Amino acid sequence: MGAYRGSSMINYCKASEKAEVVAICDKWEEVLERQRQNLNDSTIAYYKSFEEFIEHDMDAVVLANYANEHAPFAIRCLNRGLHVFSEVLPCQTMKEAVELIETVERTGKVYAYGENYCYMPGPYEMKKLYRNGKIGEFEYGEGEYIHNCEPIWPSITYGDRNHWRNNMHAFYYCTHSLGPLIHITGLRPVSVTGFESQMTERHLRCGSKAGQYGIEMVTLENGGIIKSIHGGLYKDSVWYCIYGSKGRMETAREDTKCGDVSRIYINKDEYSGEYGKEHIENYIPETQIEASRHFDHSGSDFYCMDEFIKKIAGEKDADIIDIYEAMDMFLPGLFAYRSVLKGGVTVAIPDFRNPAIRGQYRNDTACTIPEAAGDMLQPVFSKGTPDIPDTVYEIIKKRWKTELLKDDSYSKKVTIQGLDQTANKN
């Protein structure tokens with residue numbers, strides 16, 4: 001479900017012998033038509049209606065629709081007896097989190113969270129080394145996901161005032177920065193303090209109502225601390241670093257131009273008990289599967305799907321991100337914003353593995369989207385949701401249409417009349 005972002009998962013099925021695409025669903029007809037022509041496979045069914053799509057004979061569903069709408073569809077798929085691979089993010093509210101976890105537990109179906117940054121060569125190698133004791137016990141770590149989306153904002157929000165990206169608070173999209181550190185260590189977050197950036201002109205002229213970036217300072221169950229930063233600062237950066245009791249590991253900085261998040265550095269010395277003096281290693285981990293080299297996000301889009309399929313096939317050691325770990329990656333951001341709204345105090349992160357704790361949040365709908373929040377609506381920016389003029393969204397929409405008409409892959413198929421009807425594109 002979601003034939004635009006879902007192209008990556010479709011490509012996995014083309015490259016792998018372990019799975020095949022049998023049905024594709026998207027409410028944007030033009031995207032379905034593009035997939036139909038690209039795939040040229042008469043055995044694949046195409047649906048604009050989710051109600052019809054979910055009745056198709058299939059084993060699993062990939063949810064690549066809007067990031068704030070995954071949980072309701074995941075719940076319906078699980079109840080239908082289907083395994084679920086959910087793109088980022090797992091849910092929007094605590095109420096959805098409770099319902100999703102309990103549905104996974106009750107149905108026994110495989111739920112895999114598609115936090116692909118965990119499977120990038122650098123952080124994935126760091127996980128293997130950390131679990132083998134390479135740098136000892138985790139003490140401190142940092143994760144960065146900085147992505148200045150202003151140049152692409154028209155193509156990902158379409159000039160829609162109500163698009164989720166224009167209405168997410170600064171902490172919502174937190175799992176690209178925090179997720180890999182959680183996956184590396186396997187440790188549960190227990191508390192968080194949030195820090196929200198100022199409002200900037202760059203965000204306002206895009207139509208985004210949130211702060212420019214968010215920072216989570218997360219304490220883990222062993223006392224270690226993570227600093228997670230994500231958002232739209234001007235220069236992009238994807239970087240991870242962990243300090244252990246015997247050394248340090250980190251990925252390369254983008255500015256070094258030597259492999260970026262694919263290269264890792266390991267620093268140890270005589271006090272680690274392994275070397276006689278300071279010892280630094282740096283290398284790009286070898287890609288295990290040749291087909292992964294052709295996939296986005298440094299090949300990680302291949303591996304997160306591959307592990308999902310392995311899990312469905314019964315491989316006990318398949319390295320998926322299950323529903324509990326997905327919440328360990330997501331809840332720190334949700335509660336970091338609550339920390340900010342309370343004046344910057346540290347707040348506890350509930351362990352949703354415990355049914356008694358889950359019950360306390362069963363009716364908690366607090367979020368920034370009116371339709372989901374009801375009477376628990378939060379402001380998009382802690383100091384008050386800004387009132388952005390309609391002219392801003394009109395300009396963004398005009399730019400989006402212009403970009404599409406310049407794109408040969410669309411210009412032959414999409415009319416201006418059709419463009420006016422695509423605000424709900426997945």
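The values are calculated or read from the model by the stated rules, or taken from the named source; none is laboratory data. Just so we're clear, the structure is a prediction, and the values are computed from it rather than from any experiment. Here the Cβ positions follow ideal geometry from the backbone for every residue, glycine too, while neighbour counts run over all protein chains shown. Heads up: the accessible areas ignore ligands, DNA and RNA and are worked out on the full protein's heavy atoms, side chains in. Shrake-Rupley method; radii C 1.70, N 1.55, O 1.52, S 1.80 Å.
In table form, for the structure just shown:
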read-out: Residue match in the stretch 63-76 (condition: open to solvent by 10 Å² or more (accessible area, probe 1.4 Å), small (Gly, Ala, Ser) and touching a helix residue (DSSP H, G or I) at 6+ places or on another chain (Cβ under 7 Å)); value: no
read-out: Tally, over the stretch 242-291, of residues that are out of contact with any Gly (no Cβ under 8 Å at 6 or more places or on another chain) and open to solvent by 80 Å² or more (accessible area, probe 1.4 Å); value: 11
read-out: Qualifying position, being under 30 Å from residue 216 (Cβ atoms), crowded, with 19+ Cβ neighbours inside 10 Å and within 16 Å of the chain's Cα centre (by Cα), among 298, 339; value: 298
read-out: Residues located in the stretch 227-241, provided they are part of a loop (DSSP other than H, G, I, E, B) and either within 25 Å of residue 287 (Cβ to Cβ) or open to solvent by 30 Å² or more (accessible area, probe 1.4 Å) (or both); value: 233, 234, 235, 236
read-out: Residue in the stretch 184-199 that is small (Gly, Ala, Ser), in a loop (DSSP other than H, G, I, E, B), under 30 Å from residue 152 (Cα atoms) and open to solvent by 10 Å² or more (accessible area, probe 1.4 Å) present; value: no
read-out: Residues of the stretch 200-213 satisfying the condition of being open to solvent by less than 30 Å² (accessible area, probe 1.4 Å) and in contact with a strand residue (DSSP E or B) (Cβ under 6 Å, 6 or more places away or on another chain); value: 211, 212
read-out: Positions within the stretch 214-226 being open to solvent by 40 Å² or more (accessible area, probe 1.4 Å), touching a Pro at 6+ places or on another chain (Cβ under 8 Å) and either farther than 19 Å from residue 181 by Cβ or not polar (S, T, N, Q) (or both), in sequence order; value: 221
read-out: Within the stretch 362-379, tally of residues that are under 17 Å from residue 99 (Cα atoms) and open to solvent by 80 Å² or more (accessible area, probe 1.4 Å); value: 2
read-out: Which listed residue is over 30 Å from residue 360 (Cβ atoms) and in contact with an Asp or Glu (Cβ under 8 Å, 6 or more places away or on another chain), from 40, 116; value: 116
read-out: Residue in the stretch 319-326 that is farther than 26 Å from residue 107 by Cα and in contact with a helix residue (DSSP H, G or I) (Cβ under 6 Å, 6 or more places away or on another chain) present; value: no
read-out: Filter result for the condition that a residue is at pLDDT 95 or above, more than 18 Å from residue 134 (Cα to Cα) and touching a Ser or Thr at 6+ places or on another chain (Cβ under 8 Å), over 291, 336, 318; value: 336
